[in-house]
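K.L.:
Starting off with a structure, shown below.
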């Protein structure tokens, strides 16, 4: 097993690193480093900067504007993006719905939607979860009734989608809706796309425990969605949803970002006085850091195994099934260490809106403000995208055959 990168890969890394240091919007990097909430225009400018280099849709086939990069180059790109503190592309468009459109959509749908996604001109949201469905996505009840109309058939949609990330910024939303009730609840579900500015669509903010606004409830009240906005066949959306989730699962690792945070924590611990010694002098704290770093190394090697399989043209094997669990638990362990380092500053309520707390009160360590916010926000990581408990059930059944 060769543990290293080729000269070509290292040259590619240098090119990517220079881009983020010189061409990428530096004010966005600064806002993220300072814990300042981003606005819609920040997301669009970030994606348009990547699109200008042809680097937004890294996983798309070249026929649709993808990069043609090897799996190793894609991993290097993700690593450098996160080490630079740049903004990851909004996944709902380029990672989730884009591949569904170019795989299952009509030529007209591809021409209509893919260019705007590819060039970072729109924000998409995902309408999957519902208030009464929990982790059982197949139990969704948002209803879509097909209506015949001489001017063009349409679906009349009623219901609510919840936990909709960036729904308040979205120009479009793709939804799973129930068009019929079948004996098998996975059947009778249809994949529809709609702009968010049409009559009957309303977005209700959900303010999370960290004080931030990234989640929303999206209500559909007699919303008319033309039949031509349906992806694939009516009642077959479960197939498309599983295809989408396959793209979602492998986007969780974020090894580069975790490595930056963990290295930053070590430096913070070396500078934090706990009364005659530094936090790093505490062997119990160091042991926790080392244990978490070993977890991160394991996560990275799991990712490398997946990259190796992809590079050989194989589908991701059993390692891909564990990636989401490993990534979320490691993220939460890093957050817990930051909270421990913050000590009593971790008890302070830090608002997300407006200037960060540390900017107006220099007594508050900057890392504590951002560490507390991250700890609170990332508690949800083991829930969204399929709870870790559900993921373990999937692994037991599909991987271990139990």
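The values are calculated or read from the model by the stated rules, or taken from the named source; none is laboratory data. Bear in mind that the values here come from a model prediction, so they are computed numbers and not experimental data. Positions of Cβ are backbone-derived with ideal geometry, glycine not excepted, and every protein chain shown enters the neighbour counts.
Listed here are the residues, each with its yes/no results for (1) outside the structural domain of residue 342 (by TED's automatic domain parsing); (2) under 20 Å from residue 331 (Cα atoms); (3) touching a helix residue (DSSP H, G or I) at 6+ places or on another chain (Cβ under 7 Å).
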{"position": "260", "(1), (2), (3)": "no, yes, yes"}
{"position": "263", "(1), (2), (3)": "no, yes, no"}
{"position": "268", "(1), (2), (3)": "no, yes, yes"}
{"position": "274", "(1), (2), (3)": "no, no, no"}
{"position": "281", "(1), (2), (3)": "no, no, no"}
{"position": "291", "(1), (2), (3)": "no, yes, no"}
{"position": "299", "(1), (2), (3)": "no, yes, yes"}
{"position": "308", "(1), (2), (3)": "no, no, no"}
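K.L.:
Being crowded, with 16+ Cβ neighbours inside 10 Å, farther than 14 Å from residue 163 by Cβ and modelled with pLDDT of 95 or more is the filter here; which residues of segment 202-223 pass it?
P.N.:
Selection gives 220, 223.
K.L.:
Exactly one condition in (1) touching a residue at least 24 places away in the same chain (Cβ under 8 Å); (2) under 21 Å from the mean Cα position of the chain (by Cα) is false for residue 242; which is it?
P.N.:
The failed condition is (1).
K.L.:
With the checklist (1) more than 14 Å from residue 142 (Cβ to Cβ); (2) under 21 Å from the mean Cα position of the chain (by Cα) in hand, flag the one item residue 184 doesn't pass.
P.N.:
(2)
K.L.:
Suppose we filter 321, 360, 382, 374 for residues that are closer than 30 Å to residue 275 by Cβ, surrounded by 13 or more Cβ atoms within 10 Å (Cβ to Cβ) and either modelled with pLDDT under 80 or within 21 Å of the chain's Cα centre (by Cα) (or both); which single one remains?
P.N.:
Exactly one of 321, 360, 382, 374 is closer than 30 Å to residue 275 by Cβ, surrounded by 13 or more Cβ atoms within 10 Å (Cβ to Cβ) and either modelled with pLDDT under 80 or within 21 Å of the chain's Cα centre (by Cα) (or both), namely 374.
K.L.:
Could you check, for segment 331-343, whether at least one of its residues is modelled with pLDDT of 85 or more, part of a helix (DSSP H, G or I) and either out of contact with any helix residue (DSSP H, G or I) (no Cβ under 9 Å at 6 or more places or on another chain) or exposed (fewer than 14 other Cβ atoms within 10 Å of the Cβ) (or both)?
P.N.:
yes
Residues checked against (1) without any contact (Cβ under 8 Å) to a residue 24 or more places away in the chain; (2) at positive phi:
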{"position": "7", "(1), (2)": "yes, no"}
{"position": "48", "(1), (2)": "no, no"}
{"position": "61", "(1), (2)": "no, no"}
{"position": "77", "(1), (2)": "no, no"}
{"position": "85", "(1), (2)": "no, yes"}
{"position": "96", "(1), (2)": "no, no"}
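K.L.:
Kindly indicate the residue of segment 1-25 that is assigned to a helix (DSSP H, G or I) and surrounded by 14 or more Cβ atoms within 10 Å (Cβ to Cβ) and also modelled with the lowest pLDDT among those meeting that condition.
P.N.:
9
K.L.:
Out of 56, 87, I need the residue that is in a loop (DSSP other than H, G, I, E, B), at pLDDT 95 or above and under 19 Å from residue 172 (Cβ atoms). Which one?
P.N.:
Result of the check over 56, 87: 56.
K.L.:
Next question, about the same structure. Checking residue 68 against (1) outside any helix (DSSP H, G or I); (2) within 29 Å of residue 261 (Cβ to Cβ): exactly one of these is not met. Which one?
P.N.:
(2)
K.L.:
Within segment 163-180, which residues are assigned to a loop (DSSP other than H, G, I, E, B) and either over 24 Å from the mean Cα position of the chain (by Cα) or without any contact (Cβ under 8 Å) to a residue 40 or more places away in the chain (or both)?
P.N.:
The answer is 179, 180.
K.L.:
Select from segment 123-150 the residues that are in contact with a helix residue (DSSP H, G or I) (Cβ under 7 Å, 6 or more places away or on another chain), assigned to a loop (DSSP other than H, G, I, E, B) and either surrounded by fewer than 16 Cβ atoms within 10 Å (Cβ to Cβ) or touching a residue at least 60 places away in the same chain (Cβ under 8 Å) (or both) and list them in ascending order.
P.N.:
Listed by number, the residues that qualify are 123, 128, 135.
K.L.:
Give segment 201-228 a look and list any residue that's over 29 Å from residue 35 (Cα atoms) and in contact (Cβ under 8 Å) with a residue 40 or more places away in the chain, or say none.
P.N.:
219, 220, 221, 222, 223, 224, 225, 226, 227, 228, listed by residue number.
K.L.:
Just to be sure I understand, how many residues within segment 181-191 are in contact with a helix residue (DSSP H, G or I) (Cβ under 6 Å, 6 or more places away or on another chain) and either closer than 25 Å to residue 109 by Cβ or in a strand (DSSP E or B) (or both)?
P.N.:
4
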